[in-house]
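See structure below.
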Amino acid sequence: MSYESPIREPLVTGGKTYADVTRDILRPLENNASKSWWIGFSVSAVVLAIWIAATTWTMLEGIGAWGLNKTVGWAFDITNFVFWVGIGHAGTLISAVLLLFRQKWRMSINRSAEAMTIFAVICAASFILSHMGRPWVAYWPIPLPNAFGTLWVNFNSPLVWDVFAISTYFSVSLVFWYIGLIPDIATVRDRAEGLRKFIYNFFSMGWNGSTRTWHRYEMISLILAGISTPLVLSVHSIVSMDFATSLVPGWHTTIFPPYFVAGAIFSGFGMVLTLLVIGRVVLKQENYITMGHLDAMCRIVMLTGTMVGLAYITEFFVAAYSGVEYEQYAFINRASGPYWWSYWIMMTCNLIAPQVFWTKWARSTPWFIFLMSIIVNIGMWFERFVIIVTSLHRDFIPSSWTMYTPTITEFAILIGSFGLFFTLYFLFCKYLPTINMAEVKSIIPTHAHDEHHQEADHSTIEKGAAHG
Amino acid sequence: MMLGVYDNPDTVFSVTENLVKAGYDVHDVYTPFAVHNLDKVIGVKRTRLSIAAFCFAMTGLVSAIALQTYASYFDWQMNIGGKPSLHIPTYIPITFELSILFTAFGMVGCFFIVNRMFWGRNTDIIDLRVTDDRFVIAVNIHSKTDVKALEQTFVSGGAIEVRERAKDL
């Protein structure tokens, strides 16, 4: 039981009852797909087809289909990889970190954010595969005995750590997501008929809603949150070590792990806002994902954006203070070299633009929040592009200095990966409850169910709050 | 067994408390979401899943260290840039990741085992509305149970429905 001050804005508005929650959230599942769903899904599927075509072309042609050269060996591929992994981080942050901090506003957004995590990591994994050039030997980074035909992997290499980090992150996120889904799948099961009932019954694993089950469920949810929190921090730290343990000026900095984690959360919340500002209107969930939720997320965007901006400035200071001329040149080249525009797009979108969220108007105007979320996504993509390409293209020997120009294939893969992401997301919206019903029911004040609630006192005492 | 169906978690909580105090054999309470402290009221012992989780974490930790030391030191040493083969600090990330991986999968596996949950299981659901908006208290009937008084307790506590259920869960 928890007490919430009556002056606090309620987390769920509209005086919803438990049955209302079930009905509202299952509406997209239990009815024929709406026109807007079909439009969105079709567009995503077409973009997905672009991704399939471009990736297939890369597999057939090899990495020569891309604009990479001897000096710039990583560009769009790893930029996209880091971008998508970063997007994923907000989902885990919302469901795990906010659970540990007992932030109940997370409850109506954690499901879709976790789905976003999983689909984003799938997109990221696709770039690991395609950047190898020979994806049929993708099992080589897995430690296999020498007798298998390869040598043991080098455990001193952060690239090997990354294989473990990303695969652990993906599988643990999937488990966490599925555990959260089980009670809701059971709800769908108990309202469905025929084939639907069979399928949802299969995946509900015989959930019965007994107190004993809930008791164990709460325990494992708490532990999963407890282990996911350091996991999510470790994943982007390890991704950053792919760069930070190298000797390339501009990469070889100790600030990378916290800087990458802050950036990941920043970009992830950008994408959550992109999805939810639209989704809450289309799925008619304004009473569950309220303006208060958008406001809270905007504040996080502003905070993490400022942290990232601080990291950008710190990098400059450290380069100046270190006295290492290569380091100093790398940063001057970033801001004023041939790729100066990408650096300033990054600075504008990530550090300057989020400062508008200091004003209440910016945090409470959905179209503006949506616009800002797109700006954040663009800015964070450019951050990775700046780090990777501007650091590489002018290396230690000026004779090997070069420029990198992406090919159409690379653009097609980048755009197509959004098709992969959104196709999966649209399927999720149609076939699974996009809001965690069991958790949202637990934060509805019980007096909403009191027939005499006019006379009853209006203290908003809440029962439960599933593992919160 | 007798079932009392309610629509409010507060009522369920107080009725269950009264039933337990009156000495009835409360089989279980079925709710659409976790009602806090109800587990304590009906005397559910603290689950040992957290201990299992710790054991799995240690298994993951030991396996990861064993794998890395065996592969890079005992089985086949490689000289890559003159770096040491047995270098504990670089083993930390993978050890950490595998500990988490083992914890998550081991603990969730145990959770499914203790709840007897598996894909495709057809469970005997006590009431279809229990996953929507109803709360059901199930009380086991023994030869000595005063059914009339039990019914009375259910109804006076605010039950919207009281019925008997033949099959034991």
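Throughout, read-outs are computed from the coordinates displayed, never taken from laboratory work. Quick caveat, the model's predicted, so the values are computed rather than measured. So basically every Cβ, Gly included, is an ideal-geometry build from the backbone, and we count neighbours across all protein chains shown.
For A:TRP251, no residue whose modelled amide H falls within less than 5 Å of its own remains once neighbours fewer than 5 places apart on the same chain are excluded. Remark: the stretch B:135-143, residue by residue, has Karplus-estimated 3J(HN,Hα) of 10, 10, 9, 10, 10, 6, 9, 10, 4 Hz, where x stands for each Gly or Pro and the curve is 6.51 cos²θ - 1.76 cosθ + 1.60 at θ = phi - 60°. With neighbour counts taken as other beta-carbon atoms within 10 Å, the residues A:LYS284, A:LYS441 rank, fewest first, as A:LYS284, A:LYS441. Reported to the nearest whole Å, the Cα centre-to-centre distance from the stretch A:418-434 to the stretch B:21-81 is 31.
Using only Cα atoms and rounding to the nearest 10 degrees, what angle (0 to 90) does helix A:76-92 make with the longest principal axis of chain A? So the helix axis and the longest Cα principal axis differ by about 30 degrees. Its DSSP H runs of at least 4 residues, each contributing -39,500 (n - 2.57), put the calculated 222 nm mean residue ellipticity of chain B at -14500 deg cm²/dmol, to the nearest 500. Taking the Cα centre of chain B as origin and assigning +1 to Lys and Arg Cβ atoms and -1 to Asp and Glu Cβ atoms, the resulting dipole is close to 460 debye.
Could you work out the mean projected area of the convex hull around the alpha carbons of the protein assembly as shown, in square nanometres to one decimal? Mind dumping the intermediate values first?
Details: hull surface 127.3 nm².
So the Cα hull casts an average projection of 31.8 nm².
Within chain B, the whole DSSP H helices whose Cα atoms reach 24 Å or more along their own axis and whose mean Kyte-Doolittle score is at least -1.0 are B:49-69, B:88-114. When only alpha carbons are used to place a centre, the stretch A:310-352 and the stretch A:22-66 end up 37 Å from one another. Helix A:256-282 axis versus longest C-alpha principal axis of chain A: approximately 50°, rounded to the nearest ten. Structure shown: which of A:LYS104/A:LYS197; A:LYS441/B:LYS21; A:LYS197/B:LYS148; A:LYS35/A:LYS284; A:LYS197/B:LYS45; A:LYS197/B:LYS40 lie over 26 Å apart, alpha-carbon to alpha-carbon? With Cα atoms farther than 26 Å apart: A:LYS104/A:LYS197; A:LYS441/B:LYS21; A:LYS197/B:LYS148; A:LYS197/B:LYS45; A:LYS197/B:LYS40.
Among beta bridges from DSSP that stay inside the protein assembly as shown, the antiparallel ones total about 100%.
By its C-alpha gyration tensor, with a ≥ b ≥ c as the square roots of the eigenvalues, how is the stretch A:21-138 shaped: rounded for a/c under 1.5, else prolate for a/b larger than b/c, else oblate?
On the way: a/c = 3.55, a/b = 1.60, b/c = 2.22.
Oblate shape, in that a/c is at least 1.5 and b/c is the bigger or equal ratio.
Converting phi to 3J(HN,Hα) with the Karplus coefficients 6.51, -1.76 and 1.60 and the offset θ = phi - 60°, the stretch A:435-441 yields 10, 6, 5, 4, 6, 5, 4 Hz in sequence order, with x at every glycine or proline. Principal-axis analysis of the Cα atoms of chain A puts helix A:291-322 at an angle of about 20° to the longest axis. Residues whose amide H falls under 5 Å from that of B:GLU161, counting only those 5 or more places apart or on a different chain, are B:VAL5, with hydrogens built in the peptide plane.
If you count, for every residue in B:58-69, the Cβ atoms of partner chains within 10 Å of its Cβ, what is the mean? Spell out each step's value before the answer.
On the way: counts 0, 0, 1, 0, 0, 0, 2, 0, 0, 3, 6, 1.
Rounded to a whole number, the mean comes out at 1.
The ranking of A:TYR18, A:TYR404 from fewest to most other beta carbons within 10 Å of each one's beta carbon is A:TYR404, A:TYR18. If the segment from A:THR359 to A:ILE52 were pulled out straight at 0.36 nm per residue, it would be longer than the present Cα-Cα gap by 106.3 nm. A simple rule links phi to the HN-Hα coupling: the Karplus curve 6.51 cos²θ - 1.76 cosθ + 1.60 with θ = phi - 60°, which for the stretch A:210-227 gives 7, 4, 4, 5, 4, 4, 5, 4, 5, 4, 6, 5, 5, 5, 4, 5, x, 8 Hz, with x for Gly and Pro. Take each residue in B:48-55, count the other chain C-beta atoms within 10 Å of its C-beta, and the mean is 3.
Comparing A:HIS252, A:PRO354, A:ALA120 along the charge dipole axis of the stretch A:2-462, the residue lying farthest to the positive side is A:ALA120, per the Cβ-charge model. Under 1.5 on a/c is rounded, so check that first for the stretch A:301-428, then, if it is not, pick prolate when a/b is larger than b/c and oblate when it is not; a ≥ b ≥ c are the square roots of the alpha carbon gyration tensor eigenvalues. In terms of gyration-tensor shape, oblate.
Shielding value for A:194-204 is 2, the average number of Cβ atoms from other chains within 10 Å of each residue's Cβ.
Suppose every K and R has +1 on its Cβ and every D and E has -1 on its Cβ; what is the size of the dipole of chain A about the Cα centre, in Debye to the nearest 20? Before the final figure, lay out the partial values.
Values: 28 positive and 28 negative charges, 112 e Å.
Its charge dipole is roughly 540 debye.
Would you mind giving the three semi-axes, in whole Å and largest first, of the ellipsoid equivalent to the stretch B:49-114 according to its Cα gyration tensor? Before the final figure, lay out each step's value.
On the way: eigenvalues 188, 18, 12 Å².
After diagonalising the Cα gyration tensor, the semi-axes are 31, 10, 8 Å.
Summarising the amide proton neighbourhood of B:ASP28: residues at separation of 5 or more, or on other chains, whose placed amide H is nearer than 5 Å comprise B:ALA138.
Sorted on the mean count of surrounding Cβ atoms within 10 Å across their residues, most packed first, peptides B:149-159, A:191-201, A:82-92 read A:82-92, B:149-159, A:191-201.
Remark: A:ILE185, A:ILE94, B:ILE80 ranked as B:ILE80, A:ILE185, A:ILE94, counting other beta-carbon atoms within 10 Å and listing the fewest first.
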